[in-house]
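Engineer: Following this message is one structure expressed as structure tokens.
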Amino acid sequence: MPREIILTESENKERSRAHFFEQRKSISNESRFLLDTALFSNAAALPQFKEANTLLCYYPIKGEPNILPLVRHAQALGKAIAFPISHIKERRLSFHVLSDLSELVIGAYGIPEPPCELPVVTSFANSLCLVPALAFDKSGYRLGYGGGYYDRFLPDFNGVSLGLAYSAFFVDRLPVEDHDSTVDIIITENGGFFPYE
């Protein structure tokens, strides 16, 4: 009789990452454009977006939803926009305010990020943080890329955290470990989900 193989949550995460990466690669450019357009509309209609003074952003990579139109929209509304610098040694993020997306430079992991001399966000009151992930679940947990940066940032963040995902990447349950953090709201092309309501 074959021995039952029991995977740890960490091993389950690695399998899930591989699955979602492959799934994301399979989305056509035409479908992606339609999905991103719907995500933009749903996110821009959120009261939490309208009320925020500062939008904490990330630069979309590896097939992530294109949030840059939402970033530009926020800037046109007079909101401050800030992008993170990944401090690899400390495994932490600092968010720096940009006046224009053209200020971004290639930083850690090959991801565009702000130069370190730009102003640092020191207060997160009235801010909305867009949180990147491969997938989200209905408890608000996210499957990230394994660096743990947002899992360290979110517990002390006193603004509102928002995950944007295509509905195929919004699942009932993800593998979760003790250090994992949740987001407050998840938006898909089909609308919003509020895990704690």
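Engineer: What fraction of the DSSP beta bridges in the range 1-144 is antiparallel, stated in percent and rounded to the nearest 5?
Structural biologist: The answer is about 65 percent antiparallel.
Engineer: Below 21 Å Cα-Cα, how many Lys pairs turn up in the chain? Only count pairs eight or more apart in sequence, or on different chains, if you could.
Structural biologist: Lysine pairs satisfying the spacing and distance rule in the chain number 5.
Engineer: Now for a separate question. What shape does the range 29-193 take by its C-alpha gyration tensor, where a ≥ b ≥ c are the square roots of the eigenvalues and a/c under 1.5 counts as rounded, a/b above b/c as prolate, and the rest as oblate?
Structural biologist: Since a/c stays below 1.5, the shape of the range 29-193 is classed as rounded.
Engineer: For the range 29-193, with only Lys/Arg (+1) and Asp/Glu (-1) charged at the beta-carbon, what is the dipole magnitude about the Cα centre, in debye rounded to 20?
Structural biologist: 80
Every read-out reported here was derived from the displayed coordinates using simple, explicitly stated rules and does not represent laboratory data. As the structure is a prediction and not an experimental result, all values here were calculated from the model. Counting neighbours? That spans all protein chains shown, and the Cβs are built from the backbone with ideal geometry, glycine included.
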